[in-house]
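Q: Handing you this structure, nothing more for now.
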Amino acid sequence: MRKLLLLLGVAALMAVVSAQAAAADGPMFVTQDGTGTAYGSLRYVAVNTTSGHGTDLVEVSTKDRSVGPALRLSGAWGLPYTPAGAEGLSHDGRTLVLGSAGVGISSPSRFLVVSPRQMKVVRTSSPGGYFSYDALSPDASRLYLIQYTHGRSQDTSHYIVRAYDMRAHRLIPGKIADRAEHEKAMAGYAMTRTTSAGGRWVYTLYQKPSGEPFVHALDTVGRAAYCIDLPKNHALYNLALTLRDHGRTLAVHWRSGRPWLQVAVGSWRISYPRSSFPWAWAGAGIGCALALLAAAGLLLRRRRGEKLEQQAGQELGLA
């Protein structure tokens, strides 16, 4: 137990290193010894065993950091890593997906489906090919995977999105792609992402190899995808995605909070938000101020006229 606690203490320090390695290797792979993925007050972390030949899936309380049940797994496994951090946990917290860990794409991919509440392996899935995790539907009935079209080569910039039927244990024929697009495969690197409150929609900001950004909107329930091309931006690493208006607007903004543009969910129309400075109120205030200055000037001129008139009357009386 002491060794386990020591590993968990080091996990926070290794999280940044693990995340950077995963992000550099391709769009989305797995991470070990990181901060894990959370549901409510529970967090699940994949930790290397001291022998180096296995993995411990550990439950940790976010309230008091106490360690709960642990599951010993044979081999190297990790939590799916995305630009939003470690994922793989269904919206209801009943299903957790882990991926086989390794450097690059060296062997066909495997996935473990775990029941975190019972801390047991439900099944092992081998789609047959080279895949990484993309998303999970809210009820965990479908697992969305990124399939690399260049096979064993280390080129992870070209891929297609596939759906895996978790109940039938098979890949669903065809790819998940925007019907308006005619490209055979997607190309780019994931930069950041956000997920709707119910877990249905997953929005990921990608950068194409040519540098142009686009948002990939994945409907995990409707098994559909939409690609929204964005204007050129040379600072994509400083951008973030946030859902607003109860999920009806996808805001693309700087990490400082300064807005860049927004996308209307459904129509996918791009617009630029108005400045937050209240120009209308400022204009009204300036108008009022000018009116007050004009009134004050008129009153001053009247008083001067009255004073001159009095002086003239006094001079005539003295004469």
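The values are calculated or read from the model by the stated rules, or taken from the named source; none is laboratory data. Every value quoted in this text rests on a predicted model; they were computed, and no experiment measured them. Because the Cβ atoms are built from the backbone with ideal geometry, glycine has one as well, and the counts that use them run over all protein chains shown.
The rows are residues; the columns are (1) modelled with pLDDT under 65; (2) surrounded by fewer than 10 Cβ atoms within 10 Å (Cβ to Cβ); (3) farther than 25 Å from S196 by Cα.
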residue: L239; (1), (2), (3): no, no, no
residue: H253; (1), (2), (3): no, no, no
residue: Q262; (1), (2), (3): no, no, no
residue: S267; (1), (2), (3): no, yes, no
residue: Y272; (1), (2), (3): no, no, no
residue: A284; (1), (2), (3): yes, no, yes
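Q: What residue, among those in region 60-101 that are under 10 Å from T31 (Cα atoms) and assigned to a loop (DSSP other than H, G, I, E, B), is modelled with the lowest pLDDT?
A: A101
Q: Next up: Identify the residue in region 224-237 that is over 14 Å from Y206 (Cβ atoms) and of a type in the set (G, A, S) and, among all such residues, is surrounded by the fewest Cβ atoms within 10 Å (Cβ to Cβ).
A: For region 224-237, the residue satisfying everything is A235.
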